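Okay, structure first, notes after.
Since every read-out is calculated from the coordinates, none of them should be taken as a lab result. It should be emphasised that the depicted structure is a prediction, and the values quoted were computed from it without experimental measurement. Positions of Cβ are generated from backbone atoms using ideal geometry, with glycine treated the same way; all protein chains shown enter the neighbour counts.
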C-alpha cells in the first residue's frame, strides 16, 4: 500500500479546524477593572425586509493579562472558556493603538512647586 504524506498546509488547516475559536475586532471602551477590558464590537446586518444595512453594537468582556490595552484601541479578541460570570473572551492582540493612549503615555512634565 502507498503511504500517505500530509503536506504542512494540510496539517495546519486540520489543526485550525479542530481548534477554531471565534475572533472579533472591536474598540476598547473601558479598562477600569483589573485584567479586564470591555470591547464594543459593531455589527452590520441587512434588514430582512427592507434590505437596509443596520448597525448594532455589542459589548464583550475580555481578559487582558498584562493590562496593556487602553481606551480607544482597536483590538482582536478570541473566544475562550468562561473565566468569570461575564468574561468569555481573551485579548489576542492590539491591532491599532489609539492616539489618546499615546498622549496619556507621554504626560507633560510640570515644574516642581517650591
* Asked: With r defined as the distance between the Cβ atoms of residue 20 and residue 66 and R0 fixed at 30 Å, what FRET efficiency is calculated, to the nearest 0.05?
  -> 0.75
* Structure fact -> From fewest to most C-beta neighbours within 10 Å, the residues 59, 24 line up as 59, 24
* Structure fact -> Length-normalised contact order of segment 21-100, Cα under 8 Å, at least 6 apart, in percent, tallies to 31 percent
* Structure fact -> Expected sort for 90, 31 with the fewest Cβ neighbours (10 Å cutoff) up front is 90, 31
* To do: Give the shape of segment 21-100 as rounded, prolate or oblate, defined through the alpha-carbon gyration tensor: a ≥ b ≥ c are the square roots of its eigenvalues, a/c under 1.5 means rounded, and otherwise the shape is prolate if a/b is larger than b/c and oblate if not.
  => prolate
* **Nitroxide proxy distance, nm - points 7 Å out along Cα→Cβ at residue 40 and residue 55** => 1.0 nm
* Asked: Taking other Cβ within 10 Å of each residue's Cβ, how do 53, 75, 95 sort, fewest first?
  -> 53, 95, 75
